[in-house]
Amino acid sequence: MDLDRVSSRSSDSGRRIAAIAISRGIAFGNVVFLAAHESASVHERIDIDRVADEVTRFEKALQTSTRELRDVAAENDFDPETPAAAIFAVHLSIIEDSSFVQRVASAIQDQMVNAEWAVSSVADHLRERQIAVMDDRFRETHLDIDDVAHRIIAALRNSVIANFEMCRGAIVAAAELRPSQVVAIARFAPAAFVTEHGGWTSHSSIIARELRIPMVSGVKDIHTAFSESDRVEVNGYEGTVVVNPSREQVAKMREGTDSHVPGISRATEAQIQTETKTTDGVLIIVRANADSVGRFQSARVAGAAGIGLFRSESVIGDGTELPAEDEQVAAYTAIADAAGRDGVRIRTFDIGPGHFDKTVERNAALGLRAIRLSLAERSSFRIQIRALLRASADREIDLILPMVSGLREIEAAKSVIDDEFDRLADKGVPIRRPKLGAMIEVPSAVITIDQILRRVDFICLGTNDLVQYLLAVDRDNEAAADWYQSLHPAVIRALRTVLTAAAAAGKPAIVCGEMAGSPFYVPVLLGLGARELSINVNSVAQITGLIRSLDMSNCEELVAEIEAFTTAGDTEAFLRSSYATGWPSIVTTELLPGN
């Protein structure tokens with residue numbers, strides 16, 4: 001980093017731009033704007049005698065696109081079990097999907113149009129349908145459809161999809177990034193990505209995290225927010241962009257990042273132990289959120305004790321059909337075998353009605369989803385329960401019910417579980433009754449937590465959805481980003497209520513979500529009573545190292561102070577000051593930012 005090149009423009013020096021943290025890390029460099037997409041396809045009417053040739057041209061473009069995707073996977077050496085590999089497998093499946101191919105071919109033949117226009121129109125239809133789907137994970141894949149269409153059209157035009165050069169270490173800015181663009185840009189070792197659009201669940205964001213490239217999103221009017229003459233600091237922990245930081249700011253950032261594991265001192269980094277305890281001996285169980293065997297194995301090396309959250313919808317892939325019972329058994333068995341004695345907690349399908357060809361709901365986030373949908377579609381729910389019971393026979397598998405709002409869902413789910421358990425037992429099928437847990441992520445579950453705890457064996461605090469539902473704000477909505485406040489007094493009180501109730505009932509409470517995986521919030525969670533965390537695989541080493549440097553009594557004193565504050569801003573300011581003055585030898589304030 002060349003401090004002499006820091007811009008001295010007084011008008012912009014040190015200006016902070018609020019954004020959404022997408023991929024953790026801090027980077028500093030020159031802004032490079034990614035060129036806009038190629039011009040839209042031109043509608044061209046063709047004669048009847050050209051139709052067959054146009055279909056053939058389309059089929060050749062499909063072959064070219066397939067070859068390119070396979071080359072991308074080979075060149076980047078993606079582990080077959082990583083999300084990045086799965087994403088490009090999805091792209092291949094779209095290209096190889098007979099219905100997609102048939103729709104384009106039919107458009108060429110029936111409407112007598114050129115192949116580029118046919119691909120664009122079919123992709124537009126599929127994208128609009130995908131955007132209407134409730135589940136964030138599936139809704140965000142509209143960019144994958146754009147990506148595949150763009151690749152096919154590029155092949156039709158005999159152009160190269162990634163035909164550009166870029167200087168190494170650039171801060172790449174764009175209105176939006178497609179997955180293939182992220183991979184193509186990664187060849188030039190960018191310092192970070194900054195985008196106007198794109199949420200945490202988009203495939204571009206997932207690949208950025210997989211490649212460990214810092215990324216922020218939600219920068220409004222990105223082409224006027226800064227220019228290519230600017231040098232900026234991108235903070236993927238806090239979700240900020242600092243334009244033309246001062247020499248002092250840059251020096252501080254460089255000092256703060258001078259450790260192999262961001263935010264952790266070198267002494268702490270060396271302490272990779274089996275158990276994770278605070279300095280005063282309090283055991284904190286750190287588990288991993290893992291959706292594949294390969295991902296968990298890397299987390300285990302970093303110190304994860306089992307899998308705290310396995311999202312069963314990961315076995316669906318990016319299609320809509322639910323897998324058969326035996327296919328589910330195989331998936332659950334594989335992940336449970338990887339977790340071993342530490343066990344895995346498997347959440348039942350957290351999906352929307354699109355998987356059952358139901359009409360898209362107007363307000364899907366508050367509609368028929370998660371456990372509600374499972375209970376509405378009992379036959380499919382029974383299949384999943386049978387698969388889980390069978391996989392649990394000789395393995396440590398526990399069940400989690402998503403989006404529980406009270407006892408109604410728990411009692412109904414327990415009835416299905418008991419029924420299927422008895423049926424399998426009568427047939428002599430080897431099974432084991434797993435422990436049952438509930439996701440606490442809606443306000444009604446917080447208010448009735450005492451009742452819920454009497455009917456389940458453990459609970460999982462889903463902080464992402466809990467904050468969203470408590471504050472009625474979508475964290476991936478750039479326009480409302482300022483209202484998503486993890487330190488809002490209501491959030492702090494809700495966490496305290498749930499954790500205190502769980503401790504009184506003697507039931508485990510696992511905290512998951514972004515708060516559990518962020519160093520800034522971990523001391524607060526511990527002070528509130530959290531003793532189990534389940535976090536992103538890439539955060540395990542950092543969080544376990546941090547916990548080993550914390551004193552539980554200090555965390556509790558910290559929380560006693562912040563519970564008196566009335567705004568999230570006051571709480572954040574207090575935490576920053578406390579970390580800087582009280583624990584400077586443990587962590588750096590630059591690497592422990594708030595929301």
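The values are calculated or read from the model by the stated rules, or taken from the named source; none is laboratory data. These figures come from a predicted structure and were not determined experimentally. Ideal geometry is used to build each Cβ from the backbone, glycine not excepted, and the neighbour counts take in all protein chains shown. Ligands, DNA and RNA are stripped out before the accessible areas are found, and what is left, the full protein with its side chains, is counted by its heavy atoms. Shrake-Rupley method; radii C 1.70, N 1.55, O 1.52, S 1.80 Å.
Before moving on, here are some points about what is shown:
- Once all protein chains are placed together, Arg16 keeps about 140 Å² accessible to a 1.4 angstrom probe.
- Residue ranges 561-569, 425-433 sort as 561-569, 425-433 when ordered by packing (mean number of other C-beta atoms within 10 Å per residue, highest first).
- Rg/Rh for region 446-595, where both radii come from Cα atoms and Rh is the Kirkwood radius: 0.95
- As a length-normalised measure over Cα pairs under 8 Å and 6 or more apart, the relative contact order of region 356-479 settles at 24 percent.
- Where region 382-483 is the region considered: accessible area per residue in Å², 1.4 Å probe: 41
- Heavy atoms of Arg67: accessible area, 1.4 Å probe, square angstrom to 10: 130
- Taking Ile440, Ile17 and ordering them by how much accessible surface each has at a 1.4 Å probe, largest first, produces Ile17, Ile440.
- Solvent exposure, largest accessible area first (probe 1.4 Å, DNA, RNA and ligands not counted), of Asp465, Asp418: Asp418, Asp465
- Counting Lys and Arg as +1 and Asp and Glu as -1 over every other residue whose Cβ lies under 11 Å from the Cβ of Ser444, the net charge comes to -1.
- Averaged per residue, region 279-336 has 37 square angstrom of accessible surface, using a 1.4 angstrom probe with ligands and nucleic acids left out.
- Counting only heavy atoms of the protein chains and using a 1.4 Å probe, Glu228 has close to 100 Å² of accessible surface.
- Heavy-atom accessible area ranking, 1.4 Å probe, most first, across Lys435, Lys277: Lys435, Lys277
- Paramagnetic label zone (point 7 Å from Cα along Cα-to-C-beta, Asp326; backbone N under 20 Å) in region 415-444: 424-425, 427-431
- Computed from the Cβ-Cβ distance with R0 of 35 Å, the FRET efficiency linking Asp426 to Gln451 stands at 0.65.
- Protection proxy ranking, peptides 327-339, 173-185, average beta carbon neighbours within 10 Å, highest first: 173-185, 327-339
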